[in-house]
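Following: one structure in structure tokens, then a few remarks.
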């Protein structure tokens with residue numbers, strides 16, 4: 001028994017465990033919101049399933065605990081989160097709602113508890129958590145690139161990948177507990193040092209922390225989202241993000257004190273420029289539609305090359321969000337807040353903030369359906385990216401100067417070599433994934449021209465479940481030469497950040513034109529063809545309820 005316990009302790013890696021837990025959190029959060037929206041779409045209005053968002057407010061349970069919770073509770077929460085995430089893709093309808101909600105809810109309790117249990121290890125722990133988050137994002141990008149934006153670890157028999165991750169993280173949770181038992185008097189030290197910490201500052205720091213989660217979820221965890229905002233090159237954007245991120249992680253591991261050489265004002269400028277570039281990347285593609293029907297149709301303008309300047313800056317500066325995550329977690333750990341204060345801050349700056357941002361991102365797409373609130377969000381898709389960028393930048397101003405100094409951290413050469421191999425493999429895997437899943441049509445005209453039009457309703461069936469493969473099977477039976485898709489724009493959080501047009505084009509091996517970009521907030525109108533597409537364009541018609549977009553092209 002002792003040998004097994006010692007083996008588990010040696011097997012434990014905070015870096016790997018949190019990389020998997022962060023990945024599972026983003027996967028579950030994506031499924032939760034997608035499922036809630038899917039049921040609302042089916043009924044053309046929100047229904048009782050919107051209560052699934054209640055899982056997001058689980059941190060309020062921490063308000064009922066005065067003392068630090070034992071590590072056994074952490075293990076139970078972590079294992080329940082992992083199990084729920086693994087069961088998620090095996091279920092349908094409300095089953096997905098419950099399992100994804102449980103996974104998200106458990107994490108939102110687990111993470112603040114974990115931050116309260118640290119003892120004078122803020123430098124090492126915060127750096128590890130930041131690197132774990134970065135690795136989680138690279139894994140998310142890899143898993144989505146291998147299956148045309150649909151996470152392959154949650155698809156078909158490839159779910160075995162997720163189970164392997166889950167088993168590894170599940171064992172490491174016990175390793176965390178066994179190692180923690182070796183530490184003495186941690187409870188007393190935390191209790192004494194928490195008296196002077198102010199709730200306002202903890203709340204503000206938590207707001208910044210959650211802003212990092214939101215920016216990653218809305219943007220970087222699925223780069224196809226960015227390519228559909230900007231009409232940019234999907235492969236270039238994906239490899240650019242994962243390449244910059246991999247270099248950052250490797251650089252931080254090899255030279256852990258490198259960031260300490262940066263001046264405080266440099267980090268503030270870095271944050272400000274990144275937040276502005278994120279905002280502008282969306283804003284330059286945002287159209288402002290008039291209320292006068294006589295001004296329609298409106299043709300979508302050509303995307304000039306200089307529209308991609310904010311995009312390039314955003315990708316190059318994107319590592320700042322992981323630096324911020326390190327600094328914010330470090331400051332919170334230094335404060336050593338009580339369980340109640342962490343529960344309160346995550347309930348407000350975590351749960352409530354996330355719920356508000358979900359609606360800020362979704363309402364521009366359904367601005368005519370939830371009056372009078374939704375109408376004010378028309379043509380304001382940019383707001384969902386401006387707010388978290390602003391809040392993150394402001395939260396960094398609260399960090400004490402001493403927290404910017406990472407000091408001399410221990411360099412683990414064996415771990416560094418393993419991380420370099422892992423990140424290199426992820427990068428190469430992503431490169432292969434983006435190239436292999438790119439369609440290569442090679443058809444010869446033969447017989448009659450078959451044209452098909454299909455309203456796929458965001459890829460959902462009559463039960464509200466995702467049904468991409470079922471719809472593709474139907475299309476293959478008809479075998480059209482030209483295919484028009486309607487309601488095919490789930491490339492936003494309401495659709496799981498999935499690119500249904502890319503997925504359909506790959507599985508059908510057809511050329512594609514996405515149609516109006518996601519920033520214009522239409523429901524999607526795409527053209528797929530066995531033959532090359534040219535002179536493609538989008539235009540918009542007047543509507544007082546939803547934005548109507550259409551696409552045309554020459555084949």
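Worth pointing out:
- The lone exception for residue 286 - which of (1) at pLDDT 90 or above; (2) over 18 Å from the mean Cα position of the chain (by Cα); (3) part of a helix (DSSP H, G or I) it fails: (3)
- Residue in the stretch 518-529 that is in a loop (DSSP other than H, G, I, E, B), in contact with a helix residue (DSSP H, G or I) (Cβ under 6 Å, 6 or more places away or on another chain), modelled with pLDDT under 90 and not assigned by TED's automatic domain parsing to the domain that holds residue 148 present: yes
- Note on the stretch 140-164: residues that are buried (at least 23 other Cβ atoms within 10 Å of the Cβ) and closer than 20 Å to residue 422 by Cα total 9.
- Criterion (more than 18 Å from residue 25 (Cβ to Cβ), free of Cβ contacts under 8 Å to residues at least 60 places away in the same chain and touching a helix residue (DSSP H, G or I) at 6+ places or on another chain (Cβ under 9 Å)) met by exactly one of 105, 95: 95
- Helices (runs of 4 or more DSSP H) enclosed by the stretch 1-106 - at least 3 residues per element that are out of contact with any strand residue (DSSP E or B) (no Cβ under 7 Å at 6 or more places or on another chain) and surrounded by fewer than 18 Cβ atoms within 10 Å (Cβ to Cβ): 2-11, 71-87
- Among the residues of the stretch 236-258, those that are assigned to a helix (DSSP H, G or I) and buried (at least 18 other Cβ atoms within 10 Å of the Cβ) comprise 237, 238, 239, 240, 241, 242, 245, 246, 248, 249, 252, 253.
- Set 160, 54: member being in contact (Cβ under 8 Å) with a residue 12 or more places away in the chain and assigned by TED's automatic domain parsing to the domain that holds residue 346: 54
- Failed item, numbered, when residue 266 is tested on (1) out of contact with any helix residue (DSSP H, G or I) (no Cβ under 6 Å at 6 or more places or on another chain); (2) surrounded by 20 or more Cβ atoms within 10 Å (Cβ to Cβ): (2)
- Annotation note: of 464, 447, the sole residue that is over 23 Å from the mean Cα position of the chain (by Cα) and over 30 Å from residue 131 (Cβ atoms) is 447.
- Contact map, the stretch 16-27: first residue in contact (Cβ under 8 Å) with a residue 12 or more places away in the chain, second residue not in a helix (DSSP H, G or I), Cβ cut-off under 8 Å, separation 6 or more or different chains; pairs are 26/221; 27/151.
- Applying the condition of being at pLDDT 95 or above and not in a helix (DSSP H, G or I) to the stretch 205-232 and asking which residue is surrounded by the fewest Cβ atoms within 10 Å (Cβ to Cβ) yields 221.
- If you go through the stretch 450-466 and keep only what is buried (at least 18 other Cβ atoms within 10 Å of the Cβ) and more than 18 Å from residue 482 (Cα to Cα), you end up with 457, 458, 459, 460, 464, 465, 466.
- In the stretch 404-460, residue modelled with the lowest pLDDT [restricted to those that are outside any helix (DSSP H, G or I), in contact with a helix residue (DSSP H, G or I) (Cβ under 6 Å, 6 or more places away or on another chain) and within 24 Å of residue 137 (Cβ to Cβ)]: 406
- Filtering 501, 519 for residues that are touching a strand residue (DSSP E or B) at 6+ places or on another chain (Cβ under 8 Å) and either crowded, with 20+ Cβ neighbours inside 10 Å or within 16 Å of residue 37 (Cα to Cα) (or both) leaves a single hit, 501.
- Among (1) farther than 30 Å from residue 152 by Cβ; (2) at pLDDT below 90 - the single one residue 62 does not satisfy: (2)
- For residue 337, the conditions (1) modelled with pLDDT under 90; (2) part of a helix (DSSP H, G or I); (3) within 30 Å of residue 125 (Cα to Cα) are fulfilled apart from (2).
- Candidate set: the stretch 530-555, residues that are assigned to a strand (DSSP E or B) and more than 31 Å from the chain's Cα centre (by Cα); chosen: the one nearest to residue 368 (Cα to Cα): 541
- So residue 244, is it over 30 Å from residue 418 (Cα atoms) and modelled with pLDDT of 90 or more: no
- Residue among 387, 392, 398, 370 that alone is surrounded by fewer than 21 Cβ atoms within 10 Å (Cβ to Cβ) and not in a loop (DSSP other than H, G, I, E, B): 387
The values are calculated or read from the model by the stated rules, or taken from the named source; none is laboratory data. Only a predicted model underlies this, so the values are computations on that prediction, with no experimental measurement involved. We place every Cβ from the backbone using ideal geometry, glycine too, and count neighbours over all the protein chains shown.
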